[in-house]
Amino acid sequence: MAVSLNFENYSKGYLVDNELVAGVSEHPEKPGTFVAFMLDHTTGEYVGYQTFKHVHEALTIINQVERSWKFEPFSVCAGACAKERHSADSCCGKHSH
């Protein structure tokens, strides 16, 4: 069964695989709008970041990406990072050299 984000879980975690992290969150600078984001968790670089007026639009876009996703609940720092549009590693003080 495919793992996806929905109205019940999108605010509690994100989708991950061996390369990417994908999620949906409220836009940090535009309350009432939502962003669908995807980033390379090895580099912290965004692969995609798009704003939507409705959460269901953002969820639809993320769920159209077919990968071997696994749902991961937010850690304290990763949840804060998603809202600030930073990678989890950079937010939590981990830097690759």
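Brief remarks on what is shown
- Residue in the range 26-34 that is among the β-branched types (Val, Ile, Thr) and within 20 Å of ALA2 (Cα to Cα) present: no
- Residues in the range 24-60 that are at positive phi and touching a residue at least 40 places away in the same chain (Cβ under 8 Å): GLY44 alone.
- The range 18-45, residues that are surrounded by 14 or more Cβ atoms within 10 Å (Cβ to Cβ) and more than 18 Å from PHE74 (Cα to Cα): THR33
- Looking across the range 68-97 at every residue that is at pLDDT below 50, assigned to a loop (DSSP other than H, G, I, E, B) and over 13 Å from the mean Cα position of the chain (by Cα), the one that is nearest to GLU26 (Cα to Cα) is identified as CYS92.
- Meeting the requirement of 3 or more residues that are touching a helix residue (DSSP H, G or I) at 6+ places or on another chain (Cβ under 9 Å), at pLDDT 95 or above and among the hydrophobic types (A, V, I, L, M, F, W, C), the strands (runs of 3 or more DSSP E) wholly within the range 1-67 are 20-26, 34-40.
The values are calculated or read from the model by the stated rules, or taken from the named source; none is laboratory data. Keep in mind the model is a prediction, meaning the values are calculated, not measured. FYI the Cβ positions are ideal-geometry reconstructions off the backbone, even for glycines, and counts take in every protein chain you see.
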